[in-house]
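> Next up is a structure, given as structure tokens.
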Amino acid sequence: MLPRGIRNHNPLNIRRTAKDAWKGLAEHQQDAAFCQFKSLVYGWRAAFYLLTRTYYHKYRLYTIRGIVSKWAPSSENNTEAYIANVSKLTGILPDQPLGIPSEHPANWMMVGAAMAIQENGIESLDYFAMMQGWDLARSDVGKT
């Protein structure tokens, strides 16, 4: 059986909220906790939109430690282990700035991929959907 995030086409397990207006949401949301998308491409789009627009631009989070501490708070996760795993997978130190997303896209894609591995395991990672989601997130400026 596939991990929940992959079944939901939501590789970073984005939680549902009352104001969900994501492009590409599945018509029927049957998971009470997490968003469900029409395809992995749209799930990746939402993930990268959150990472590069909300976390980077709005919250000014630009390190693995900053991003993961907000994404996976210690009230729900072993945040330090999550940070260590993402850092190990990417080769980026926890407090090393990732750079501006448009100038250092590989850093942001690696962090997204490492977070998806942390959330779902490595066997279910679809790199092509991830890259397509990146392109959609970067081209849909100002649109959730």
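The values are calculated or read from the model by the stated rules, or taken from the named source; none is laboratory data. Just so you know, these numbers come straight off a predicted model, no measurement behind them. Positions of Cβ are backbone-derived with ideal geometry, glycine not excepted, and every protein chain shown enters the neighbour counts. We work out accessible area using only protein heavy atoms, side chains counted, and drop any ligands, DNA or RNA first. Shrake-Rupley method; radii C 1.70, N 1.55, O 1.52, S 1.80 Å.
> List the GluC sites (Glu not before Pro) within the range 1-96 that DSSP assigns to loop and that have no more than 13 neighbouring Cβ atoms inside 10 Å.
Glu27, Glu76
> Measuring from label point to label point, each 7 Å out along Cα→Cβ, what is the Glu123 to His104 span in nm?
With each label point 7 Å from Cα toward Cβ, the separation is 3.4 nm.
> With all protein chains present and a 1.4 Å probe, how do Tyr49, Tyr62 order by accessible area, largest first?
Tyr62, Tyr49
> Treating only the Cβ atoms of Lys and Arg (+1) and Asp and Glu (-1) as charged, compute the dipole magnitude of the chain about its Cα centre; round to the nearest 20 debye.
400
> Whenever you get a sec, line up Ser74, Ser39 from highest to lowest accessible area (probe 1.4 Å, protein heavy atoms).
Ser74, Ser39
> Run the Debye formula on the Cα coordinates of the range 68-142, all scatterers equal and no solvent, and tell me log10 I(q)/I(0) at q = 0.14, 0.17, 0.26 1/Å.
-0.48, -0.71, -1.29
> Hand me the trypsin sites (Lys or Arg not before Pro) from the range 16-63 located in a DSSP loop with no more than 12 other Cβ atoms within 10 Å, in residue order please.
Lys19, Arg60
> I'd like to know how the chain sits against the 2.2 N^0.38 Å rule of thumb: what's its Cα Rg over that expected value?
In units of the globular-protein estimate, the chain measures up at 0.96.
> Another question, if that's okay. Which whole-number percent of Cα pairs in the range 2-86 have a distance greater than 20 Å?
Here the tail beyond 20 Å accounts for 36 percent of pairs.
> Starting from 0.36 nm per residue, how many nanometres of slack lie between Ser139 and Lys38 once their C-alpha separation is accounted for?
Extra length available between Ser139 and Lys38 comes to 34.5 nm.
> Just grab the label-to-label distance for Lys19 and Thr54, each label 7 Å out from Cα along the Cβ direction, in nm (one decimal).
Simple spin-label model gives 1.0 nm for this pair.
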